[in-house]
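Data first, discussion second: the structure below is written as structure tokens.
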Amino acid sequence: MKRFHHLIFLLCGLLTQTVALAGDLRIAAASNLRFVMADLVEDFSQRNGGVVTTVSYGASGNITNQIRHGAPYDIFFAADTEHLVQVDEMQLIRGDIVVYADNYVALFARLGSSLTLDVALEGLANLIENGQLNKFAIANPKHAPFGQHAMAMLKERALWEAVQPHLLTAENASQALQFALTGQVDGALVAYSLAIHPKIASQGRVLKLSARVSQAVAILKRAPQHAEDFVDYLGSSSAIQILEAHGFSTSVSQ
């Protein structure tokens, strides 16, 4: 079993079967990274001679299955450590599993929704009790870590059974947020990093909750050397600034 390597950051601190050119990077990333990854890739490319990097997004469980069946990725950014452990057990990882940041679960309601945002989810409970809840969205707990956290949160507050008639299950964290922006959906448990993006925040209200979701990465065995360079880049002051601007915590401890 690979050991987990946690980066303690200080102040300085669509599948394709074609063969990538030497130095190009093919990244598979959990969908909660959709906004931040674009900024990280652009910054890394500018600092490393214009390395061509392509990114495919999806639920961590789905990406794991793709890798299991031979998907030609170089780096896997998961929304947890468990799926990377599964890939490691397939003997497909080179080096360590690196936890580089934490994300958070957030409660989101579109503008015009009657859902009251609160950490105890009492607003959600009240809408259910009064027969006023239309739909509520989460990512699929079967293969999306944010869906697993959302389900656990609803169960802890004794709302899991009550919300079932109203539940919309999205394929991944990004789609859960897309559902939350539609007119019939009163709210959703989503990725904080997605919900605070200006394009999203302008369309609704968001409340950061305490549930942390570890963001981990691993390099696959077939990857070029630039893969190590990209993972090392995550500890740079530039990458830290980008991550924190998107709502991530980079002070990761075991």
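Pull up the DSSP beta bridges for the chain and report the antiparallel fraction as a percent, rounded to 5.
55
Can you list the aspartates and glutamates whose alpha carbon sits under 17 Å from that of residue 199, skipping same-chain ones fewer than 8 residues off?
Hits, sequence-local ones excluded: 39.
Can you order the peptides 146-152, 55-61, 37-43 by their average number of other Cβ atoms within 10 Å per residue, highest first?
Most protected by this proxy first, the peptides run 146-152, 55-61, 37-43.
Report the full-extension gain for the segment residue 56 to residue 134: residue separation times 0.36 nm, less the Cα-Cα distance, to one decimal in nm.
Working it through step by step, the gained length comes to 24.9 nm.
Work out, step by step, the length gained on full extension between residue 111 and residue 208: first 0.36 nm times the residue separation, then minus their alpha carbon distance; give nm to one decimal.
33.2 nm
Using the alpha-carbon centroid of each, what span in Å lies between segment 163-231 and segment 33-72?
Going from one Cα centre to the other spans 15 Å.
Would you calculate the separation in nanometres between label points at residue 24 and residue 90, each defined as 7 Å from the Cα along the Cα-to-beta-carbon direction?
Here the modelled spin labels are 2.1 nm apart.
Taking Rh as the Kirkwood radius, which is the inverse of the mean 1/r over Cα pairs, what is the Rg/Rh value for segment 104-211?
0.91
Which order do 68, 34, 212 fall in if you start with the one that has the fewest other Cβ atoms within 10 Å?
Least crowded to most crowded, the residues run 68, 212, 34.
Output the peptides 165-175, 74-84 sorted from most to least packed, where packing is the average of other Cβ atoms within 10 Å over each peptide's residues.
74-84, 165-175
Could I have the simple spin-label model distance between residue 222 and residue 167, label points 7 Å from Cα toward Cβ, reported in nm to one decimal?
Distance between the two pseudo-spin positions: 3.6 nm.
Pull out a ≥ b ≥ c, the square roots of the eigenvalues of the alpha-carbon gyration tensor of the chain, then state rounded if a/c is under 1.5, prolate if not and a/b is larger than b/c, and oblate in the remaining case.
Prolate is the answer for the chain, as a/c is 1.5 or above and a/b outweighs b/c.
Lysines within cross-link reach of residue 221: Cα-Cα under 16 Å, excluding same-chain residues under 8 positions apart?
Leaving aside lysines fewer than 8 places away in the same chain, those within reach of residue 221 are 2.
Any read-out appearing in this document is the output of simple, stated calculations on the displayed coordinates, not a laboratory observation. These numbers were taken from a predicted model, which means no experiment stands behind them. Positions of Cβ are generated from backbone atoms using ideal geometry, with glycine treated the same way; all protein chains shown enter the neighbour counts.
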